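**Q** Please read through the structure below; I'll follow up with questions.
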Amino acid sequence: MAQTQPGSAFQKRHIDPGRVAALAGALDSQDASPGVRRLRAWAGRALAVRPGETVLDVGCGTGSQTRALADAAGPQGSVVGVEPNPGLRAIAEERAAGGPARFTDGDAFALPAADASVDVVWCERVLQHLAEPERAVAEMARVLRPGGRVALIDTDWATTILHPCDPEVVRALTAGALAGTANPYSGRRLVGQLCAAGFEVDDRGSQALIQDHRSVAWPLIRMLGESAVRGGLLTEERRDAAYTALAEAAERGALHMSVTMFGVVAHRPG
Ligand SMILES: C[S@@+](CC[C@H](N)C(=O)[O-])C[C@H]1O[C@@H](n2cnc3c(N)ncnc32)[C@H](O)[C@@H]1O
């Protein structure tokens, strides 16, 4: 399998039916994370979707947030999750069965909506997977009506904290994540991208995605470790010493692993 980098499996050009279950599992654990829940709740309050509104959830994955947006827009509203991965879209459709949320194939660069026809766009943890995120933000501006609102939420992978671990080793481990993600600094870029596309910023927020120390993402740490060794950034000895230190810390509940997510809520003037 060519996809050894953690950030790349969600990229559209890497869609692989054999990985859908793993991706859905990763999204489910993120849905359950208190940081994701708090950031979604904050952005949801700031956007304040009203009954009857038209909403797009761009890159909706398994559709958990699409369903929440559909609840807010009510039966008179129209809420569509745009998702290019057919396996994730099928899961989203199955989980939303009987409810008002709808799902469609589509791309952030060519949204399935007419100019100025949408009230609200939600786009969460998608831009990090796009090499040209500014084109996607311009496309959101095209479909939103004047006064329409947008919420962008994304991770900034340079904020990865792994403790206790030699900072040099952490740098080597995170270099793999940065190299494997199309737009790894997405979180810090959101506000500038919105301003460049003509939006007015209404609010900004952030939360850390903290890994539970009891079920810490060993597959992720190992993937980072293997990739750092392969890339010549770390010797096997230093990698193994880091694994040992992290495992011991996890045993006594002292392990900390997190990455910070940022959110921006804005509107199209008019
Ligand atoms: C990390 S997941 C986030 C899913 C969902 N927004 C959430 O927060 O649970 C990234 C999503 O972006 C989608 N994606 C990747 N490239 C895309 C593109 N060009 N246009 C739209 N969605 C894309 C992936 O298929 C995946 O569902």
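Each reported figure results from applying straightforward, stated rules to the coordinates on display, with no laboratory input. Nothing here was measured: the structure is a model prediction, and the numbers come from that model. Note that we place each Cβ from the backbone using ideal geometry, even for glycine, and neighbour counts take in every protein chain shown.
**Q** Based on DSSP, what percent of beta bridges with both residues in segment 1-109 are antiparallel, to the nearest 5?
**A** Numbers: 0 of 8 bridges.
Expressed as a percentage, antiparallel bridges in segment 1-109 total about 0.
**Q** Right, here's the next one. Could you identify which residue out of ALA70, ALA92, ALA247 has the top mean-square fluctuation in a GNM of the chain using Cα springs shorter than 10 Å?
**A** Maximum among the listed residues: ALA247.
**Q** Further, regarding this structure: Expressed as a whole percent, how much of the Cα-Cα distance distribution for segment 150-227 exceeds 14 Å?
**A** Numbers: 2055 of 3003 pairs.
Across segment 150-227, Cα pairs with separations above 14 Å total 68 percent.
**Q** What list do you get for CYS123, CYS60, CYS195, CYS165 if you sort them by fewest beta carbons within 10 Å? Show your work: numbers first, answer last.
**A** Working: CYS123 24, CYS60 30, CYS195 14, CYS165 21.
Neighbour counts put them in this order, fewest first: CYS195, CYS165, CYS123, CYS60.
**Q** Please report the spacing between the Cα centers of segment 151-167 and segment 52-74 in Å, no decimals.
**A** The distance from the Cα centre of segment 151-167 to that of segment 52-74 comes to 27 Å.
**Q** Using modelled amide H (1.01 Å from N, peptide plane; none on Pro or chain starts), what sits under 5 Å from the amide H of GLY148, excluding residues fewer than 5 places away?
**A** Here the answer is ARG268, since their amide H atoms fall under 5 Å of that of GLY148.
**Q** State the antiparallel share, in %, of DSSP beta bridges confined to the chain, rounding to the nearest 5.
**A** In the chain, approximately 55 percent of DSSP beta bridges are antiparallel ones.
**Q** Sticking with this one: According to a simple spin-label model (label point 7 Å from Cα along Cα-to-Cβ), what is the distance in nm between ARG230 and ARG188?
**A** Once both label points are built, they end up 2.7 nm from each other.
**Q** Now a separate question. At q = 0.13 Å⁻¹, work out log10 I(q)/I(0) for the chain with the Debye formula, treating every Cα as an identical point scatterer and leaving solvent out; two decimals please.
**A** -0.85
**Q** In Å and on Cα atoms, what radius of gyration and Dmax does segment 1-146 show?
**A** That works out to 14.8, 45 Å for Rg and Dmax.
**Q** Let me ask you something else. Of LEU127, LEU111, LEU190, which has the largest mean-square fluctuation in a 10 Å C-alpha GNM of the chain?
**A** The residue with the greatest mean-square fluctuation here is LEU111.
**Q** Per q in 0.14, 0.20, 0.21 1/Å, what log10 I(q)/I(0) does a Debye calculation on the alpha-carbon atoms of segment 116-253 return?
**A** Debye intensities relative to I(0), on a log10 scale: -0.73, -1.10, -1.18.
**Q** Arrange the peptides 180-188, 232-240, 144-152 so that the one whose residues have, on average, the most other Cβ atoms within 10 Å appears first. Show your work: numbers first, answer last.
**A** Working: 180-188: 19.6, 232-240: 14.8, 144-152: 21.6.
Ranking the peptides 180-188, 232-240, 144-152 by packing returns 144-152, 180-188, 232-240.
**Q** Which of PRO86, ALA242, GLY35 sits closest to the plus end of the dipole of the chain, meaning its Cα is farthest towards the positive end, when Lys and Arg get +1 and Asp and Glu get -1 on the C-beta?
**A** The listed residue farthest towards the positive side: GLY35.
**Q** Which length gain, in nm to one decimal place, applies between ASP115 and ILE161 when the Cα-Cα distance is subtracted from 0.36 nm times their residue separation? List each step's numbers first, then the result.
**A** Details: separation 46, 0.36 × 46 = 16.56 nm, distance 4.15 nm.
Full extension of this stretch gives 12.4 nm more.
**Q** Please list 3J(HN,Hα) in residue order for segment 46-59, calculated via the Karplus relation 6.51 cos²θ - 1.76 cosθ + 1.60 where θ = phi - 60°; whole Hz, with x for glycine and proline.
**A** 5, 6, 6, 4, 9, x, x, 7, 9, 10, 10, 10, 7, x
**Q** Okay, moving on. Under the Karplus relation 6.51 cos²θ - 1.76 cosθ + 1.60, θ = phi - 60°, what is the ordered set of whole-Hz ³J(HN,Hα) values for segment 154-161, x standing for Gly and Pro?
**A** Residue by residue, segment 154-161 yields 7, 8, 10, 5, 6, 8, 4, 10 Hz.
**Q** Relative contact order of the chain: what whole-number percent is it, with Cα pairs under 8 angstrom and at least 6 residues apart? Show your work: numbers first, answer last.
**A** Details: 530 pairs, mean separation 60.0, N = 270.
Across the chain, relative contact order equals 22 percent.
**Q** For every helix of n ≥ 4 consecutive DSSP H residues, a contribution of -39,500 (n - 2.57) applies; sum these over the chain, divide by its total residues, and give [θ] at 222 nm rounded to the nearest 500 deg cm²/dmol. Please list the in-between numbers first.
**A** Details: 9 runs with 111 residues, N = 270.
Theoretical 222 nm ellipticity from helices: -13000 deg cm²/dmol.
**Q** Give me a comma-separated list of calculated 3J(HN,Hα) values for segment 103-117, in order, Karplus coefficients 6.51, -1.76, 1.60 applied at θ = phi - 60°, integers in Hz, x for any Gly or Pro.
**A** 9, 8, 5, x, 9, 4, 8, 8, 5, x, 7, 6, 4, 6, 10
**Q** Taking amide H positions as placed in the peptide plane 1.01 Å from N, state which residues far from GLY81 in sequence (5 or more) or on other chains have amide H under 5 Å from it.
**A** ASP57, ARG102, PHE103, THR104
**Q** Continuing with the same structure: Can you find, among LEU173, TYR185, LEU162, the residue farthest towards the positive end of the dipole of segment 146-196? Put +1 on the C-beta of Lys and Arg, -1 on that of Asp and Glu.
**A** Looking along the dipole axis, the top candidate is TYR185.
**Q** Please report ILE161, ILE91 as a ranked list, fewest other C-beta atoms within 10 angstrom at the top and most at the bottom.
**A** Numbers: ILE161 15, ILE91 22.
Fewest to most other Cβ atoms nearby, the residues stand as ILE161, ILE91.
**Q** Assigning unit charges at the beta carbon (Lys, Arg +1; Asp, Glu -1) and nothing else, what dipole magnitude in debye, to the nearest 20, does the chain show about its Cα centre?
**A** Details: 28 positive and 31 negative charges, 63 e Å.
So the dipole magnitude of the chain works out to roughly 300 debye.
**Q** Tell me, ASP119, ASP212 in order of fewest to most beta-carbon neighbours within 10 Å?
**A** Numbers: ASP119 20, ASP212 13.
Starting with the residue having the fewest Cβ neighbours, the order is ASP212, ASP119.
**Q** Given H placed on each backbone N at 1.01 Å, which residues far from ALA208 in sequence or on other chains put an amide H within less than 5 Å of it?
**A** MET261
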